[in-house]
Amino acid sequence: MSEHWLYSWIDEFEVKSGEQASHLLALPGPAEKLHEAAKNIPKWHAGDPPKGRSIVAGSTMDFSGRMNCSHAECLMRQVDRLFGRVWHYFDSAVVEGPQADFYIRSLENKPSRQGVFSLNYSITQDVDFLLHLRRLNIADHLIFRSKPHGFCTRHIEQHAAEAGISHLIGEDVRAQIAKQLKSESEISIRQSSGERWRYNVVHPSSSEPFTGSFVSTKKRAKKPTKAQIAEIVVKRSVASLIYDVATSKWLSLPLAEEFSYLQASQQVANAARESAVAFQLPMPIMHGMTSGDIVKMRADMRPHFDRFQHALTLAIREQIERDPERANPDIVKSVTEEFIRPAFADIERSLLEAKRSFSVKVGASMAVGSTVATVGLLSSVPLVIGAGLAAVGVTLGGLHKHVDDRKDIKTSDVYFLWKASKGRLP
């Protein structure tokens, strides 16, 4: 996978924490090497599309801090949310991480006292976050790429048209969306310095608040209104969505984004619809799992995951081919109702029948005072002890039947997902 550019600096100086990284920046050598590492990466490069199933994480779901908080703790939560949304189907995610251009500007310009604080804060949070990814063995599943930023007007209009969101460029439409965003959101504003205010916008459709700064350009600094902040967030969101769409297009990958309040209707080509539908599938059973747990479970159960991934692809493809004109949400509903739910029910029913059958065989061969001859043979064999009985003897035939039933259950196409929902082996 494509590692983040900052890892080379971390490895060169054997950095073990963000605090250590901050201390190193006070030394000329490490600071120069950091500047060199940041300058050696291009501002934007598409490169070759990643192998396997991959998806582009939009600006509200990646780790750039462009739309959300860039503190390490918030980014760590963001990782868990991203994995919970995409790891039931995708093998990797294209993300944007800590920005090289910020470090270039900070190291090339003579920083003010506030600038030094900002640089030390950023390196501390960024290094802590990247080391966290490595500790959980997650970094290998992430592809760090720089996204395009700062299109000219012509290319903004071009990419917006290709994505079916040209209407979002108009000021009147953005004003209407901003008005609705203001009414649906909790907006807090606080002054951080003389002419600067920090804002926080919490909207029900977004997993993390939108954060940013407002700088007054007037001589007498005046606190911005909530309506002004809503307009700023909408403008930033439209720009970010266009940059995300461009990245998705150039890499020929589906896009995972959380800009539903923009009422955008991105046009997805049929070739990418399978991935788009897979991303929209509700998988709440994974939302409560940490990213580290998900990666470990996928590695431990690779054959089961591969079977589930393949079966899910076929189920989605069948629904699309059945009626190509149907909207993705309708296809998602059909896949859930016609594939996932029935398969879950089959597993539960088979497991219940296996346990009932085994219990009957055990009951028929009980011997009062006998010992269990198969102790330690299978730790998950149900042990039935009736009132006044010291132990229960089981027949090998019943035991073998129970093992065979368990094997049949594990051949189910959705066994991987079922196990994830249980968090344990049956």
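Before moving on, here are some points about what is shown:
- Residue-span extension gain [His23 to Ala175] - 0.36 nm each, minus C-alpha spacing: 50.2 nm
- With a Förster radius of 41 Å applied to the C-beta separation of Arg322 and Asn137, the computed FRET efficiency comes to 0.55.
- Distance (nanometres) between label positions extended 7 Å along Cα→Cβ at Arg302 and Cys152: 4.9 nm
- Coupling constants for the stretch 138-146 follow from the phi torsions by the Karplus curve (6.51 cos²θ - 1.76 cosθ + 1.60, θ = phi - 60°), and in residue order they are 9, 3, 5, 9, 10, 10, 7, 9, 7 Hz; glycine and proline get x.
- For the stretch 1-149, the solvent-accessible area of protein heavy atoms averages 45 Å² per residue (probe radius 1.4 Å; ligands and nucleic acids excluded).
- Gain upon complete extension [Arg236, Ser216; 0.36 nm per residue less C-alpha separation]: 5.5 nm
- Between Glu184 and Tyr121, the contour length at 0.36 nm per residue exceeds the Cα-Cα span by 19.4 nm.
- Gyration tensor (alpha-carbon) shape descriptor, the stretch 1-40, a/c threshold 1.5: oblate
- Taking all protein chains together and a 1.4 Å probe, the residues Lys16, Lys226 rank Lys16, Lys226 from largest to smallest accessible area.
The values are calculated or read from the model by the stated rules, or taken from the named source; none is laboratory data. Keep in mind that this is a model prediction, so the values were computed, not measured. Counting neighbours? That spans all protein chains shown, and the Cβs are built from the backbone with ideal geometry, glycine included. SASA here: full protein model, heavy atoms, side chains in, ligands and nucleic acids out. Shrake-Rupley method; radii C 1.70, N 1.55, O 1.52, S 1.80 Å.
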